[in-house]
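**Q** One structure, as structure tokens, below. Some questions next.
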């Protein structure tokens, strides 16, 4: 394939050479940052401890709450408390959460993250004195007042790791910016404003074609030059056009995405972090990989399938489109049973389950709007949750159910009993499967053609090949 790629001249195309250059610079940039910049970043344990204390990660607080439907009701509660009625009595009279109401509003100990999931802002968790009642707080579609009656130390180990990573990331960003400023001076950087104006105007007019072929210098430094065309190759990878249409926005993006990597890569060479032979070997391997990928795309991009062929493939291979019985459920995972009961009551009283998603412990809950898909194959992962969901009736609110990691409240939105998917719902999948088969077949035929064409100059030593390949390939 390499011989064929060279024969077609793919190795000298702008696409291949540009990809080799950009990937090499990325490698050199990473090398420079990891070898020169990153070792300068130190995270002080005192700074970590300071943030633990400032953000309230070092303690848990016993939370008491009175939850009601409306602002008018919470104002009535606040008035009663101001007139001397005890918090416990007002909770028993008014709170929607029957379980905590019976305990005078007590919900148990929570950390700052659990408090935020219960609609208690972090600043209230940190600053509200023991025994003092908060101002009325919004709780989704409901309202509540809260107080804390006891504090106890918490294990901040998890927070310590998170804060260390946060401080390291901040320190690394600052170190990179400082290093870039030093390199600007060291390499006598010059930015050519005529080229900058060309880029800004092109994005303002929403016509960037002229940038693709412009060799006008945008930056020059230490004998290096970054052209408009080279910058556009990077910008085409997803930079926001509206920002690039403004001068200051374009400068910021170009500095971060174009200039900084170029200077770091150049500095890696200047500092002899990689010798010439190693760099050339790296580029050779990259060039071969990119050349092979380009040649494969050329051969497989010509393959297409018709809608008739897709339908025939679906009819001939029904086993490819069978699915198990499964359910789509709206589900929230809460930290404690009392919190789960409170959420359950909120939903019973009319709150939208999806609007409570910020309280869920599941990492992808907000991205999925609390909707999750479960099937029997996941019983090993969720041994209590999946059987309960598969047994539940559509639309019925279930829970709290104790599961791994907390307490679940869920409602089945849709149940699919399984079987062969109808063609309309899997047409794209069928097309992708058939197209992949055709492309693999075309690539195989192409390789055989190359073997036949170059049989006189290519010798395959089967015994050496057998030793080189892993057992699963053989």
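FYI, it's all coordinate maths here, none of it is from the lab. Bear in mind the structure is a predicted one, so any value in this text is a computation, not a measurement. So basically every Cβ, Gly included, is an ideal-geometry build from the backbone, and we count neighbours across all protein chains shown.
**Q** What value does region 281-327 have for Rg/Rh, both radii from Cα atoms and Rh as Kirkwood defines it?
**A** Numbers: Rg = 19.1 Å, Rh = 14.4 Å.
Checking Rg against Rh, the ratio lands at 1.32.
**Q** State the Kirkwood hydrodynamic radius of the chain in Å, one decimal place, computed from all pairs of distinct Cα atoms.
**A** 29.0 Å
**Q** Would you mind giving the average projected area, over all directions, of the Cα convex hull of region 187-270 in nm² with one decimal? Don't skip to the answer; put the middle values down first.
**A** On the way: hull surface 20.1 nm².
For region 187-270, averaging the hull's shadow over all directions gives 5.0 nm².
**Q** Once both axes come from the Cα atoms, what is the angle between helix 71-82 and the longest principal axis of the chain, in degrees from 0 to 90, rounded to 10?
**A** 50 degrees
**Q** Just want the ordering: 263, 302, from fewest to most Cβ atoms lying within 10 Å of their own Cβ. Write out the running numbers ahead of the final one.
**A** Numbers: 263 27, 302 9.
Ascending Cβ contact count within 10 Å gives the list 302, 263.
**Q** Given the Cα atoms of region 64-134, and with Rh set as the inverse mean 1/r over their pairs in the Kirkwood sense, what is Rg to Rh to two decimals?
**A** 0.95
**Q** On to the next question. Round to the nearest 10 and give me the degree value, 0 to 90, for the angle of helix 193-204's Cα axis relative to the longest principal axis of the chain.
**A** 60 degrees
**Q** Give me the Å³ per residue figure for the convex hull around the C-alpha atoms of region 325-417.
**A** Working: hull volume 7.4 nm³, N = 93.
Measuring per residue, one finds 80 Å³ for the Cα hull of region 325-417.
**Q** A further question on this structure: In degrees between 0 and 90, to the nearest 10, how far off the longest principal axis of the chain does helix 276-300 point, with axes built from Cα atoms?
**A** 80 degrees
**Q** Using only alpha carbon positions, build the gyration tensor of region 136-282, then give the equivalent ellipsoid semi-axes as the square roots of 5 times its eigenvalues, largest first, whole angstrom.
**A** On the way: eigenvalues 369, 136, 35 Å².
Equivalent-ellipsoid dimensions as semi-axes: 43, 26, 13 Å.
**Q** Share of Cα-Cα pairs in region 365-431 beyond 15 Å, in percent? Write down the numbers at each step before the final one.
**A** Numbers: 1387 of 2211 pairs.
Considering region 365-431, 63 percent of its Cα-Cα pairs are separated by more than 15 Å.
**Q** A further question on this structure: For region 136-218, rounded, prolate or oblate, judged on the Cα gyration tensor with a ≥ b ≥ c (square roots of eigenvalues), a/c < 1.5 rounded, else prolate if a/b > b/c? Could the numbers behind the result be given before it?
**A** On the way: a/c = 4.91, a/b = 1.98, b/c = 2.48.
Cα axes put region 136-218 in the oblate bin.
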